[in-house]
Amino acid sequence: MTQPLPKAFIQSLKSTMGFNEEQFVAVHHQQSAVTSVRINPRKWHSGMNSQWEHSPIGWCATGRYLAKRPYFTTDPLLHAGAYYVQEASSMFLEQAFSQSRPPGPVRVLDLCAAPGGKSTHLLSLLQEKDVLVSNEVINSRVPVLAENVAKWGSANVIVTNSDPADFGALNAAYDMVLVDAPCSGSGLFRKDAAAINEWSMDNVALCAQRQQRILADVWPALMPGGVLIYATCSYSPQEDEEILDWLATNFECESLILNCNKEWGVVHVQSPTQHFSGYRFYPYNLPGEGFFLAAMRKTESSEGKRVEHKRLRDLKAACLPESAVDFTILPEDYLTFLVGETWHTLTQQAFEVLHTLQPGVRIRQAGVALGTSARKGFVPHHALALSSLVSPPVPRFELPMQDALNYLRRLDIVLPQQPAGFAMMTFEELGLGWAKNLGSRVNNYYPLEWRIRK
C-alpha cells in the first residue's frame, strides 16, 4: 500500500493502549494482508489436508493461515461449504464464545451477520441443542448470508432480515448476542486501500452513534445473566473502548476477562473510565488485520429465566410426504413443516425459537430446505445436498475437477451409466447440488444465482 494514512487517523490513535505509530505505519506500507480460512469441522476430512500449505491460527481450532492465496472461486470445496475464507483476527470470536457461554443449551443472536463469517463460525461451535438466529438488516446483503449459512449445512439456524429494535421487543429471548457492529473499517485498510479515502473523523462519530443505537435497541433481547459480545474492525477508540464505557454507564453489566496466550500477540486493553476489558489486534503484533472485541454479562436484577413468548406464527409441524422420505434421513428430534410448497426441517429447539419470533421479524430461511412435492415426484432443494440429511440410497456421482467446475458454472454435464432421476453431484465426497438424468440429456439444477460466472 503506497497511499499515506490520514494524519487525523494516526493522531486519534496515539493514546490507545498498545499502539506503536512507527510499527503501525510500517506494517501498512511494507506488508500485505495475510490469507486465512476456517474449515467446516462437519465437512472437512483428512484427505483434504494437502489442499494448501498452511499453518494453524492459535485462537481458532479450525483456522488456517495459507502460505499463498489461491483462486478460491474455482475451488469446488468452497462451494460445497468445506471452508470459509475469513480474516484471522475475527476468528477470536471463538475464544469469547467458548469462554463466556452460559451453561446449558443457548439461544444465540448474531445481529449484524452478513456475509456470514461469524454465523458459520458460531454454527461450528454450537452444540446439538443450541440455536442460532442469524440476522441482517440490509435487504441486499441477506442473499449472501443465506447462501453461506446454507453451505454450512446446519438445521439449528434461522436467517432473518429485521431491525435490531424488532429483536428488542422479544424481551429476554437470547442467552448470547453478538453485535459485530457496522464501523468505519480502518482495521481493514491493508485489505482495502480504497477505504482510506472514505475514512474521516465525522464518519467515525457517525458510526459510534449508530453502534450505540444498535446496542440500545437489542439490549432488552438479552436475558439477565446473558452475554453480549461486541466487535468491530475499527481501530478508533470512539467505536471501541468508548462504546464499552457507554455500555457500562447506561446498562447494568459486568466486564468479562478472556484468557489469552501471550504468544498470540493480542493486546488486552481497558476502557478509560469504567475499565471494561477489550482485546485489540494490531497487524505488527500478529498475522491478522485490525480488530476489536469485548464480552460482558448482563447483570440486571431478575430471576434469570428466559421469558416465554406466545406462539405468534400459525406454523405447525407436519409429516413429510412419502416421496420426500426417499431423499432424506432425519434425526428423531427434527421437525418438518411446509412453507408455501417447500418442505423444511429444523431441530426441535430451533422450531421453538421460530415460533417466538414476532410478526415484525422477517424470516428469510429456516433450517434446511428439503424440497417440493411435484406432480411427477419430489424435487430436492439445493440446501438438502449441502446438508448431512441426504438418505444413503440416493444416487451420488463423484465429479472430477473440470466436471465439477462445469456443474458449478451451470453448464451441461454427462452422467454415464446413471439411473434416470435425481442424483447428487459430489466433489471429494461432499454434496455440490443436484442434477436430473432424463436419459437423452441431464438437467443441471445448480442455483442460477449461485453459479460461477468466470
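Computed quantities for the displayed model
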item	result
222 nm mean residue ellipticity, helices alone, for the chain (DSSP H n ≥ 4; -39,500 (n - 2.57); rounded to 500)	-6500 deg cm²/dmol
Three-way shape call for the range 308-394 based on the alpha-carbon gyration tensor, with the a/c threshold at 1.5	prolate
Residues Arg213, Arg101, sorted so that the one with the fewest Cβ neighbours within 10 Å comes first	Arg213, Arg101
5 angstrom amide H check on Gln365, placed H, neighbours 5+ away	Val159
Calculated from backbone phi, Karplus (6.51, -1.76, 1.60) coupling profile of the range 254-267 in Hz, x at Gly/Pro	10, 6, 10, 9, 9, 7, 10, 6, 4, 5, 5, x, 7, 9
Hits among lysines - C-alpha to C-alpha of Lys129 under 16 Å, sequence gap 8 or more where chains match	none
Value of Rg to Rh for the range 87-224 (Rh from inverse mean 1/r over Cα pairs, i.e. Kirkwood)	0.97
Placed amide H near Thr328: partners under 5 Å, 5+ positions off or other chain	Ser391
Inter-label distance for Ile452 and Gln127, nm, one decimal - labels placed 7 Å from Cα along Cα-to-Cβ	4.0
Per DSSP, loop GluC sites (Glu not before Pro) in the range 328-424 with at most 11 further Cβ within 10 Å	Glu332, Glu341
Loop GluC sites (Glu not before Pro), the range 51-127 (other Cβ atoms within 10 Å of the site Cβ: 15 or fewer; DSSP)	Glu53
The chain - percent relative contact order, Cα under 8 Å, separation 6 or more	15
For Val37, Val368, Val394, Val339, order by how many other beta-carbon atoms lie within 10 Å, fewest first	Val339, Val394, Val37, Val368
Alpha-carbon spread of the range 169-318, three principal axes, descending order, Å	51, 33, 31
Spread of Cα-to-Cα distances over 10 Å intervals beginning at zero, given as percent, for the range 395-454	25, 61, 14, 0
C-alpha center-to-center spacing [the range 338-404, the range 110-144] in angstrom	17
Violating pairs (Cα-Cα greater than 26 angstrom) within the set Lys43/Lys262; Lys191/Lys298; Lys68/Lys191	Lys43/Lys262; Lys191/Lys298
Under 15 Å from Lys7, Cα to Cα: aspartates and glutamates that are on another chain or at least 8 residues apart	Glu21, Glu22, Glu198, Asp202
C-alpha long axis of helix 201-218 to longest principal axis of the chain, angle in °	60
Backbone HN-Hα couplings from phi across the range 320-328 [Karplus 6.51/-1.76/1.60, Hz, Gly and Pro as x]	5, x, 4, 5, 7, 4, 5, 8, 10
Karplus 3J(HN,Hα) series, Hz, for the range 5-22 with 6.51 cos²θ - 1.76 cosθ + 1.60 (x for Gly, Pro)	6, x, 4, 5, 5, 4, 4, 5, 9, 4, 9, 7, 4, x, 7, 10, 4, 4
Long-range amide H partners of Leu432 with built H, under 5 Å	Met425, Thr426, Phe427
In the range 369-437, trypsin sites (Lys or Arg not before Pro) in a DSSP loop with at most 12 other beta-carbon atoms within 10 Å	Arg375, Lys376
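Just so you know, all these numbers are worked out from the coordinates, no wet-lab data involved. Since we're looking at a predicted model, the values are computed, not measured. Reconstructed Cβ throughout: ideal geometry from the backbone, glycine too, with neighbour counts over all protein chains shown.
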